[in-house]
């Protein structure tokens, strides 16, 4: 397991399974939660499906950890589908893992605007989701968005370049901390604190392993995972998000995938109220209608789940009207006027 990683109950995915001589099924299994590859060889019987294979690997890894309080030294499980007995062995990494073969460089060009840090500076890594870990960096609660497979490299590069475009638009503001505050306040975007440089496997030493963001709260998908839960979202928070996305467009930056799972609710601190912030920007999703229409759809999704908005008929009507302005006309100014309680017609030139 990676240095500085905290054990998490396995979350296993099967990436391939092949029929090979003397072995009915040979599966490549990846434990997302602990960032580790395994191989599962099954003989003598038909394997039900990938879910069975994934849970089989997870159960063996979980059982070893429960017994020894450490990750298994082995990376291969040999067994039959009819018998719970298994044998374990250690095979060469290139026979078990699926390596990252491409790479991204950063921090050596004068146009690179973000600070860099080493992956070894990340402490207490723990699984959040595919390609995302929570961690502590220099005493700060952060999220490490990592390059886990080759397909992650382009989105990581695009996110970095999108933040750099916003830094260029902001201009000189003083310290990195001032810059990050301005990015959050002006664009409703979670900033990148540093680009992480790897010095060990699975990354090529000296290349980008991912980047760090401050942990700004849970995304809206997580907050609504329990159907009985209500979103604690207010009209003011939606207004702030609409204003931020409008500012993104004015700077020539498209988010590209505004969805509830790419929107986090940052808790308020002191006199600062909770607010909605965007993550995962820079890559345009397939069949994407544009930021304005996607934002309008998000507003409707929120109003259907936010108790304070559903209980206030006037507020609900204003949010629905703002969503209509965004979805039909991509009109941010009218949407902001609606959310501010102002009466105005669509397609005016007045700035909210």
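Please treat every number below as a calculation from the coordinates, not as lab data. Model, not experiment: these values are computed from the prediction. Positions of Cβ are generated from backbone atoms using ideal geometry, with glycine treated the same way; all protein chains shown enter the neighbour counts.
As a proxy for reagent exposure, ranking 118, 271, 129 by other Cβ atoms within 10 Å from fewest up yields 271, 118, 129.
For 51, 176, which order do you get if you count the other beta carbons within 10 Å of each Cβ and list the fewest first?
Ascending Cβ contact count within 10 Å gives the list 51, 176.
With the Kirkwood sum run over all distinct C-alpha pairs, the range 99-153 has a hydrodynamic radius of 12.8 Å.
Give me 255, 8 ranked fewest to most by other Cβ atoms within 10 Å of their Cβ, as a rough exposure proxy. Please report the intermediate quantities before stating the final value.
On the way: 255 28, 8 17.
The fewest-first ordering by Cβ neighbours comes to 8, 255.
All alpha carbon pair distances within the range 116-214 were sorted into 10 Å bins beginning at 0; the resulting P(r) in whole percents reads 15, 47, 32, 6.
Per the Debye formula with a single identical scatterer at each Cα and no solvent contribution, what log10 I(q)/I(0) holds for the range 231-289 at q = 0.17, 0.22, 0.24, 0.27 Å⁻¹? Calculated log10 I(q)/I(0) at the listed q: -0.61, -0.94, -1.05, -1.20. Just 205, 227, 99 to compare: in a GNM of the chain, with alpha carbon springs under 10 Å, which one fluctuates most? Result for the chain, Cα springs under 10 Å: 227 fluctuates most.
Measuring nothing but how far apart in sequence close Cα pairs (under 8 Å, 6+ apart) lie, relative to its length, the chain scores a relative contact order of 11 percent. DSSP beta bridges confined to the chain are antiparallel in about 80 percent of cases.
Three principal axis extents of the range 220-339 based on alpha-carbon atoms, in descending order, are 35, 31, 27 Å. Here the mean projected area of the convex hull built on the C-alpha positions of the range 54-136 is 8.5 nm².
Counting Cα-Cα pairs of the chain in 20 Å increments starting at 0 gives whole-percent bin shares of 26, 48, 23, 2.
Take every Cα pair under 8 Å whose residues are at least 6 apart in sequence, average their separation, divide by the length of the range 117-190, and the relative contact order is 14 percent. For the range 217-342, relative contact order (Cα pairs under 8 Å, six or more residues apart, normalised by length) works out to 28 percent. Each stretch of four or more DSSP H residues adds -39500 (n - 2.57); spread over every residue of the chain, this sum gives -10000 deg cm²/dmol at 222 nm.
Annotation for the range 232-279 versus the range 126-189: alpha-carbon center distance of 15 Å.
Note on the chain: GNM, Cα springs under 10 Å; of 193, 336, 231, the largest mean-square fluctuation is that of 231.
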